[in-house]
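Some notes on the structure that comes next.
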Amino acid sequence: MSRQASEKIAFAILTILAVVVVVPIVLVVVYIVVQGIGAVNWEFLTAFPRNGMKEGGILPAIIGTVVLTFGTAIVSIPIAVGAAIYLAEYARDTWLTRSIRLAIINLAGIPSVVYGLFGLGLFVLFMGLGTSIVAGSLTLGLMTLPVVISTAEEALLAVPQRIRVVSRSLGATRWQTVRQVVLPNALPGILTGVILGLERAAGETAPILFTVAAFYLPQLPRSPLDQTMALPYHLYVISTQVPGMPLEVQYGTALVLLVMVLSMNLVATIIRSRFRRRRQW
Amino acid sequence: MKQRREFLIETLIRLAGFSAIFFVALIFLFLLREGAPAFWETSLGNLFGQRWYPNEDLFGTLPLILGSLLVTAGAVVMALPLGLATAVFIRELAPNWLREILKPLIEVLAGIPSVVLGFLGMVAIAPLVRETLNVPTGLTAFTGSLMLAYMALPTMISVAEDAIDAVPKDYRDGALALGATHWQTIWRVVLPAGRSGVIIAVMLGIGRAIGETMAVMMVTGNAARIPREWYALFLPVRTMTATIAAEMGEVAQGSTHYHVLFAVGILLFVVTFLINAIASLVVIRGGPRRGGRLMG
Amino acid sequence: MVAKFSIRHLTFRYSDGVALRDVTLEIPANEITVVFGPSHAGKSTLLRSLNRLNDLIENEATEMSGLVLLDGKDIYRPGVDVTELRRRVGMVFALPIPLPLTIRENVVYGLRMRGERRQARLNELVERSLRQAALWDEVEDRLDEPAMRLSGGQQQRLCLARTLALEPDVILLDNPTSGLDPLSTAKVEASLQELKADYTIVLVPHSVQQAARVADLAAFLLGGDLVEVGPSEQIFTRPQEPRTEDYITGRFG
């Protein structure tokens, strides 16, 4: 077989495989939209569930997810950004620093259900917080740490070293340099990382299974020690444990969750590309 | 005083930096604390036995471990060629405009929550599998592998892309100058040079697949049985992760069942720890390097 | 001659070799001292030893011995306020490196880090420094624009103004005109002649010609050794060392 022919075949196979990867993504999104859009209306988004979840809306689940996302942000952002600043600006190449990096890699690899288990054992039971928004936020926040640390560190390191040197040569201290010059310029990149991390936290089920999620609550949570409903958990329960649940409602719930998560993705992408265009070096 | 305030801030930053080590240790120790009792509350023979039937005090984890392995293996086998091909396609074949479409699409895939994929797998894919393959139920290990393969793809594609990018331009130029076609260059030069990247991609894919919970829970049928038959891929199976997720809500705190679930958690933690540690050694990481002596 | 800096037996070592070997040099106040020589002679290292910018090197181990006295006091003794030192001994780098801020913010950066808050004082120093750097006329009506929008020559004069705003005693310039066109270069050189009345200037020149144009005192550095130092007229017309003569006449570069 000539080389040209085998090249053509090889490229054809590559293309087919790439199509096999990419086309289902579009199909999945489109299918969920098509199947679920019927159920999504104003009442669906703003009302409480009725009649065993089969009617009414999913407002408390939506609010719950929003609340948990905020809680995750509060827990993870300070620690993650602080750790990123440490790694990018202060840490030397010692075994300690390498251990920290290894720890971060491992935190990133821990299965989400193991985070849930840990959250149950430590926050819910040992610390006596009970299944609560606090316990859930702590668990999700811990899970989100590695992602935000990595992207934040990358954003900080993207600021050229010479700018730091100039700042120090003008009599600024290391922290002043970080605070006045490095951090403000890394902020869009950090923000992108934060949003992507929160996006993942919003969509996770396993970490909240035993730490905060409830299936049906008659009212919205009133304190951080309350339980709350949440979209991922809600979808899981109505699709596996409620007989007779209209399929359209299930798809509708999936659609709402998908839209929420993907719009966060979109925001992060927009920030990232605006930042890249406006970058001053 | 300004200096004292700055010292305080820098101390907090240092603490934040060390916190990663603290948290990993904390998680491991806590899992150990709650899971260790499983080893003396029930015999090792029981724990590694073949029957998982907690109601009768049978805690054989073998079906769960094998279930996880089967589903993971299936996922990696499917994802590797797909991921590699896509990475090569994006980097080597696709025109720029196509690349700008493909990359966001893959990011969309990465963003789809696992429960949504599990849901779709359960209500749409599983029936499809059942009809096409003519099996009693579509909730099988195969279906799980399929969903997992797609979930692992974004990571694998990204790593493969990096590996392809890392191949020095000289290698390619040299091959092309010797009269090789584009494909020959890819096949004989780029891919072998990016070998270590492929290994990392595989390892990260394995790590991702073993740790996935919701998608497999909703789609693999949750039958804790040992996959013996050659066609076991098309029978229901149960993973370690699904077991924890499904049963943790129902156990009494402090019971043996509770401890055993934590023990399974320890196993998952250790396995993913090892996978990630080894993968990170294959990549020489001293952290991102700051260029130059001072002015980098 | 009043010595501003007194460098005594300075040796500086990087992980891959010696950069400065037993350098002893007196830098007079209110004059332009030029440190010239081929690349990797140690000139930048020498400059950075004067404002302790070498302290910032983190990726490798460095070793230093010897004394650097500023106004008679060792700048490396324990307890020295290094940030204050760097305000007194300012530096302009080879490539213009504006901070990603506005023109005004660039100029006042050092002052703000020191704690200066009075707006009137800041404005006054902005104008004065930009005039001293021969940039005021070109930017006075766009002080709040991003500094990155200036041309290369303007950026470099901005960097000079930025250093001047701190009212330093010494200005170190490491090859400041390397990326500049002849007109900008001439402007910078002219500014230096005016500035030396109030400041001590140490310059690593772009070329031997620039050194000859600008220097009061000239020091020839070769491979870490201080080969010869003397008044400009003497060094560039009647150098005593053969190596100096060879370099000046272009036998090696």
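A compact table of results
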{"item": "Residue match in region A:16-37 (condition: touching a residue at least 24 places away in the same chain (Cβ under 8 Å) and loosely packed, with under 15 Cβ neighbours inside 10 Å)", "result": "yes"}
{"item": "Checklist (1) under 29 Å from B:His257 (Cα atoms); (2) without any contact (Cβ under 8 Å) to a residue 40 or more places away in the chain applied to B:Ser68, failing item", "result": "(2)"}
{"item": "Tabulated pairs, region A:91-111, first hydrophobic (A, V, I, L, M, F, W, C), second modelled with pLDDT under 90, C-beta under 6 angstrom, 6+ apart or interchain", "result": "A:Ile105/B:Asn276; A:Ile105/B:Ser280"}
{"item": "Qualifying residue in region B:187-199 (condition: buried (at least 17 other Cβ atoms within 10 Å of the Cβ), under 30 Å from B:Leu64 (Cβ atoms) and touching a residue at least 40 places away in the same chain (Cβ under 8 Å))", "result": "yes"}
{"item": "Given (1) hydrophobic (A, V, I, L, M, F, W, C); (2) surrounded by fewer than 16 Cβ atoms within 10 Å (Cβ to Cβ); (3) assigned to a loop (DSSP other than H, G, I, E, B), index of the condition A:Ile270 fails", "result": "(3)"}
{"item": "Within region C:73-124, considering residues that are farther than 30 Å from C:Arg149 by Cβ and in contact with a helix residue (DSSP H, G or I) (Cβ under 8 Å, 6 or more places away or on another chain), the one nearest to the other protein chains (Cβ to nearest Cβ)", "result": "C:Val82"}
{"item": "Only listed residue being at the interface with chain B (Cβ under 8 Å from one of its Cβ atoms), out of contact with any Asp or Glu (no Cβ under 6 Å at 6 or more places or on another chain) and without any contact (Cβ under 8 Å) to a residue 24 or more places away in the chain, chosen from A:Gly56, A:Gly82", "result": "A:Gly82"}
{"item": "Residue under evaluation A:Asp93, criteria (1) at the interface with chain B (Cβ under 7 Å from one of its Cβ atoms); (2) at pLDDT 95 or above; (3) out of contact with any helix residue (DSSP H, G or I) (no Cβ under 7 Å at 6 or more places or on another chain), criterion not met", "result": "(2)"}
{"item": "Residue satisfying condition, being more than 30 Å from B:Leu233 (Cβ to Cβ), surrounded by fewer than 16 Cβ atoms within 10 Å (Cβ to Cβ) and free of Cβ contacts under 8 Å to residues at least 12 places away in the same chain, within set B:Asp173, B:Asp165", "result": "B:Asp173"}
{"item": "Subset tally (residues that are among the small types (Gly, Ala, Ser) and without any contact (Cβ under 8 Å) to a residue 24 or more places away in the chain) for region C:119-135", "result": "1"}
{"item": "Considering residues of region B:215-233 that are touching a Phe, Trp or Tyr at 6+ places or on another chain (Cβ under 7 Å) and either at pLDDT 85 or above or assigned to a loop (DSSP other than H, G, I, E, B) (or both) only, the residue nearest to the other protein chains (Cβ to nearest Cβ)", "result": "B:Met218"}
{"item": "Region A:206-241, subset of a type in the set (Ser, Thr, Tyr) and in contact with a strand residue (DSSP E or B) (Cβ under 8 Å, 6 or more places away or on another chain), residue surrounded by the fewest Cβ atoms within 10 Å (Cβ to Cβ)", "result": "A:Tyr216"}
{"item": "Pick from region B:234-262, criterion assigned to a helix (DSSP H, G or I) and either small (Gly, Ala, Ser) or closer than 15 Å to B:Ala141 by Cα (or both), ranking: farthest from the other protein chains (Cβ to nearest Cβ)", "result": "B:Phe234"}
{"item": "Filter result (farther than 15 Å from B:Gly221 by Cβ, more than 7 Å from every other protein chain (Cβ to nearest Cβ) and buried (at least 21 other Cβ atoms within 10 Å of the Cβ)) within region B:115-132", "result": "B:Leu117"}
{"item": "Selection count where residues are away from chain B (no Cβ under 11 Å) and either part of a helix (DSSP H, G or I) or touching a Pro at 6+ places or on another chain (Cβ under 9 Å) (or both), scope region A:13-51", "result": "11"}
{"item": "Within region B:222-273, tally of residues that are out of contact with any helix residue (DSSP H, G or I) (no Cβ under 8 Å at 6 or more places or on another chain) and over 18 Å from B:Leu58 (Cα atoms)", "result": "5"}
{"item": "Residues within region B:165-214 that are farther than 26 Å from B:Ser145 by Cα and either in a helix (DSSP H, G or I) or within 14 Å of chain A (Cβ to nearest Cβ) (or both), tallied", "result": "26"}
{"item": "Those residues of region A:168-202 which are small (Gly, Ala, Ser), surrounded by fewer than 24 Cβ atoms within 10 Å (Cβ to Cβ) and within 12 Å of chain B (Cβ to nearest Cβ), in sequence order", "result": "A:Ala202"}
{"item": "Test result for A:Thr177, modelled with pLDDT of 90 or more and in contact with a Phe, Trp or Tyr (Cβ under 9 Å, 6 or more places away or on another chain)", "result": "no"}
{"item": "Hits in region A:74-114 (condition: surrounded by fewer than 21 Cβ atoms within 10 Å (Cβ to Cβ) and among the polar types (S, T, N, Q))", "result": "A:Thr94, A:Thr97, A:Ser99"}
{"item": "Failed criterion for C:Leu50 (all others in (1) in contact with a Leu (Cβ under 7 Å, 6 or more places away or on another chain); (2) crowded, with 19+ Cβ neighbours inside 10 Å; (3) more than 27 Å from C:Arg13 (Cβ to Cβ) hold)", "result": "(3)"}
{"item": "Segments classed as helices (runs of 4 or more DSSP H), wholly inside region B:1-109, with at least 3 members that are surrounded by 14 or more Cβ atoms within 10 Å (Cβ to Cβ)", "result": "B:2-35, B:37-41, B:62-88"}
{"item": "Number of the exception - C:Met113 against (1) exposed (fewer than 15 other Cβ atoms within 10 Å of the Cβ); (2) over 22 Å from C:Asp198 (Cα atoms)", "result": "(1)"}
{"item": "Enumeration of residues in region B:215-247 that are of a type outside the set (Ser, Thr, Tyr) and without any contact (Cβ under 8 Å) to a residue 24 or more places away in the chain", "result": "B:Ala223, B:Arg228, B:Glu229, B:Trp230"}
{"item": "Cβ pairs under 9 Å, 6+ apart, first in region A:1-12 and more than 7 Å from chain B (Cβ to nearest Cβ), second loosely packed, with under 10 Cβ neighbours inside 10 Å", "result": "A:Ile9/A:Met1"}
{"item": "Region C:204-229, residues that are on the phi > 0 side of the Ramachandran plot and either free of Cβ contacts under 8 Å to residues at least 40 places away in the same chain or out of contact with any Leu (no Cβ under 8 Å at 6 or more places or on another chain) (or both)", "result": "C:Gly223"}
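This table checks each residue for (1) facing another protein chain (nearest Cβ under 7 Å); (2) modelled with pLDDT under 90; (3) more than 19 Å from the chain's Cα centre (by Cα).
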{"position": "A:Phe123", "(1), (2), (3)": "no, no, yes"}
{"position": "A:Thr139", "(1), (2), (3)": "no, no, no"}
{"position": "A:Pro146", "(1), (2), (3)": "no, no, no"}
{"position": "A:Val166", "(1), (2), (3)": "yes, no, yes"}
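The values are calculated or read from the model by the stated rules, or taken from the named source; none is laboratory data. Given the structure is predicted, the values throughout are model-derived calculations rather than measurements. Virtual Cβ from ideal backbone geometry, glycine too; neighbours counted across all protein chains shown.
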